[in-house]
1. If you check A:E351 against the conditions, is it outside the structural domain of A:F194 (by TED's automatic domain parsing), touching a residue at least 24 places away in the same chain (Cβ under 8 Å) and closer than 26 Å to A:A121 by Cβ?
2. Which of the residues spanning segment A:112-129 are buried (at least 21 other Cβ atoms within 10 Å of the Cβ) and not aromatic (F, W, Y)?
3. Residue check, A:Y82 against (1) outside any helix (DSSP H, G or I); (2) on the phi < 0 side of the Ramachandran plot, all met but one. Which one?
4. Residues B:V85, B:V124: which one is crowded, with 19+ Cβ neighbours inside 10 Å and either within 13 Å of the chain's Cα centre (by Cα) or closer than 30 Å to B:E203 by Cα (or both)?
5. Please indicate, with yes or no, whether at least one residue in segment A:361-376 is in contact with a Leu (Cβ under 9 Å, 6 or more places away or on another chain) and not in a strand (DSSP E or B).
6. Failed condition for A:H181, given (1) at the interface with chain B (Cβ under 9 Å from one of its Cβ atoms); (2) in contact with a Cys (Cβ under 7 Å, 6 or more places away or on another chain); (3) buried (at least 24 other Cβ atoms within 10 Å of the Cβ), with all others met?
7. Only one of A:R329, A:R316, A:R320 is at pLDDT below 90 and away from every other protein chain (no Cβ under 14 Å). Can you tell me which?
8. Would you mind stating whether A:A312 is in contact (Cβ under 8 Å) with a residue 60 or more places away in the chain and either closer than 21 Å to A:A362 by Cα or surrounded by fewer than 21 Cβ atoms within 10 Å (Cβ to Cβ) (or both)?
Amino acid sequence: MAKKKTIKTIPRERAHVEEQNPTLRARNFDEVTFCLSPEQAQIETDRCIECPNPGCVKGCPVGVDIRGFVARLAAGDIRGAYEVITETNLLPAVCGRVCPQEHQCEGACVVGKAKGLAPVAIGRLERFVGDTAIANGWTNIPYIEPSGYRVGIVGSGPAGMACAADMAKAGCDVTVYEAFHVPGGVLRYGIPDFRLPNSVIDAEIANLEKLGVKFECNVLVGRLFTIEQMIGEMGFDAVFIGTGAGYPTFPGIPGDNLNGVLSANELLTRCNMMRAKDGGFDTPLPIGTRVAVIGAGNTAMDALRVCKRLGAAEVRCIYRRSRAEAPARVEEVHHAEEEGIDFQWLTAPVEVLDDGKGNVRALRCIRMELGAPDASGRRSPVPIAGSEYEFDCDLVVVAIGTNANPIIGQTSRIKLDKRGYIATDADLATSIPGVYAGGDIVTGAATVIKAMGAGRRAARSMKRYLGLRDTDAVYRPAPSWRERAFGLDPEERNAVRVRVS
Amino acid sequence: MTSPQMSAQTPVQTQQTLSDFEIVDRRDFSDVTYLLEVRHPLMAKAAKPGQFVIVMLHEHGERIPLTIADFDRTRGTITLVIQAVGKTTREMQQVCRVGTTLHALTGPMGEPSHIGASRKVVCVGGGLGVAPVYPQARAHREAGAYVIGIVGFRSQDLVFWEDKFRACCDELIICTDDGSVGLKGNVTVGLKQAIATHADIDEVVAIGPPIMMKACAETTRPHFLKTMVSLNPIMVDGTGMCGGCRVKVGDGIKFACVDGPDFDGHQVDFDDLMVRLKRFADQERAAFERWSETCRGRTAAALLASAAAGAPAPQGG
């Protein structure tokens, strides 16, 4: 057996990963971060000490066996690593790109806790595995025994895709309904090509189709048929609702209805899904020369960087808290800064000023300072009196969050919570028997991986409801106290068990 | 087209592939107005008066909202009446023939109109609004209301669906700008006449270009008549996701696609709506000019000339 890696012997620096030059990439929509090369991936796997009690797995919302896949990768078995990941996560190429790893697996990495060491770049390794799988056309399709049940999924975003995959693997006949003309949900309309190329989404959807999942686009569930009709006359045995929180919030300041003020969702949908940025497509795209984006989440970062790539001379980010509180992935903020985005931290918009013809002329803002912590534990911003200022701009993009999409609530008797989201119990069951819900339509706006986690949890509940065995539960028994005693790793095969008797 | 059979509850065909939206009928009412009847049995069954669809002509097209002008549950079709005002609607006018298909057709979208509470209803349709007001008039009639139809056209040769309106209205007033048939003047002339002769009107429904709906709302405001208007602002998805269709109604902001498209005409800020409809005016004009120069747009110059003669405000496309 090779010499055990320790925190002292591993490479101290992360494997260098190539990125597009910031000045160059600020003018194109190609991906910013390149995939690790096999050699770089090897260096990075060497940094994992394969600790007996991995924090990364607990940090992952879907519990990917990270240590397991990194170990396979270290042994040069990429296919094996892919199979370990796809036990729990269907979309490694997507999650490796868009998960906020610093708050999840990498945030809990033991290596990262050591002084002066960055955590293992789990996200980049996951992407390496996912991209290699796409390039080689690998799929991990288990033997599927048809169960005879029919399952309907409303929404083809990450929650719906995760639920569809699990139910298809359990032998159900799964149909996914999507209101747009192409499947993918927020992955398709929301996340720009330089962060998540369309080819990756196409590959992941093709994998689902290989599992037998059917996609029906151009179907607005609720209006074309209702949830009640699905479990009634349409004969679905169970239904999952993953419609997302698509109903953008506007700041409610004077002038926010002017032409030139639009939601980040609208900008990104026109640019990504309708491909308005490419020649030969009919959808119009508002192009600003001086742009202000309100908000500092991932959507705001995408909007900022899209505007820059569309040719805006000045792109400002207006956020009322400081950089430390910004909800975006650290890497995205860093990339945006590199690309020349002007971040106005601790600044809140006060009024959008018009040019007399209904268009945006300028944005008036006020400086803020951080006061006492609020209910969310973040220090709440307080305006500084007399610090108002304005700057010229012709486009204001609003990325301050979303509310619950009302369509399912309008068209069915399903129980909603006070804020209009679908009310569920701990198993994600709704008030209608056989109907489950998960993702942003239950929790409010969150992340792709959390939505996928919810889709999988709902699938587990649905299988219980239908009386199906949970075929994809990975059996990993928790070690008993006796096995944990004396610091022995029970999974270390050749360790001599010490019995206390 | 026969009237829909409200009671016919056939089971939903779940195995239907929803990608093939065949055009089964087309009629041209004028050089800019045309009718398309599209096969979509599920939507024909689900559609209610006041709802709309989003159409994509081809893979490179834009998504445009169009109000459902009629639906036929026995034939399994929905009817769209389209005015060629922008690049997409003109291109549709050229390429949509019986037997061709649309790339995407999603709907029915929006909250249906509230039918049944009013005993005497005036249904006003101007220009492009003539077609979408028809299903509302028919539904009010079927709910037992006394229906007064008022439809406005530029001249006699542009009049369409007179027979359909006569079949579902207790009274029909036709208004033409040049007076070649019916009353001379726009639909507010007819509306004033209806208000003068009927003291017990419960509700006015007005659909058409924003300027016409605004005029109708101002006509009924002194009489405190409930006035519902159907808004059709610029949209992308039609599901509430983008917020591009937001309109000022009273003190609040509403999304026409999911909160509407029907709103209280006395509360709607029409000036704001008209400004927002011109959001992409420059890009739309540029797109149209680019398209006109290609071989597909050979006859477009002729269409442009006729449109410049005075077509109503664009609706979405």
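The values are calculated or read from the model by the stated rules, or taken from the named source; none is laboratory data. Since the model is a prediction, treat every value here as computed from it, not as a measurement. Quick reminder, even Gly has a Cβ in these numbers, built from the backbone with ideal geometry, and neighbours come from all protein chains shown.
1. no
2. If we filter segment A:112-129 for residues that are buried (at least 21 other Cβ atoms within 10 Å of the Cβ), which is where we start, we get A:119-129.
Once the filter is applied, which keeps residues that are buried (at least 21 other Cβ atoms within 10 Å of the Cβ) and not aromatic (F, W, Y), segment A:112-129 yields A:P119, A:V120, A:A121, A:I122, A:G123, A:R124, A:L125, A:E126, A:R127, A:V129.
3. (1)
4. Working: B:V85 fails: either within 13 Å of the chain's Cα centre (by Cα) or closer than 30 Å to B:E203 by Cα (or both).
Within the list B:V85, B:V124, the selection yields B:V124.
5. Start the filter on segment A:361-376 by keeping residues that are in contact with a Leu (Cβ under 9 Å, 6 or more places away or on another chain), which leaves A:361-364, A:367-370.
Filter once more, so that each one left must be not in a strand (DSSP E or B): none.
No, every residue in segment A:361-376 fails to be in contact with a Leu (Cβ under 9 Å, 6 or more places away or on another chain) and not in a strand (DSSP E or B).
6. A:H181 satisfies all of (1) at the interface with chain B (Cβ under 9 Å from one of its Cβ atoms); (2) in contact with a Cys (Cβ under 7 Å, 6 or more places away or on another chain); (3) buried (at least 24 other Cβ atoms within 10 Å of the Cβ) except (3).
7. On the way: A:R316 fails: at pLDDT below 90; A:R320 fails: at pLDDT below 90.
Exactly one residue qualifies, and that residue is A:R329.
8. Working: in contact (Cβ under 8 Å) with a residue 60 or more places away in the chain: yes; either closer than 21 Å to A:A362 by Cα or surrounded by fewer than 21 Cβ atoms within 10 Å (Cβ to Cβ) (or both): yes.
Spelling it out, A:A312 is indeed in contact (Cβ under 8 Å) with a residue 60 or more places away in the chain and either closer than 21 Å to A:A362 by Cα or surrounded by fewer than 21 Cβ atoms within 10 Å (Cβ to Cβ) (or both).
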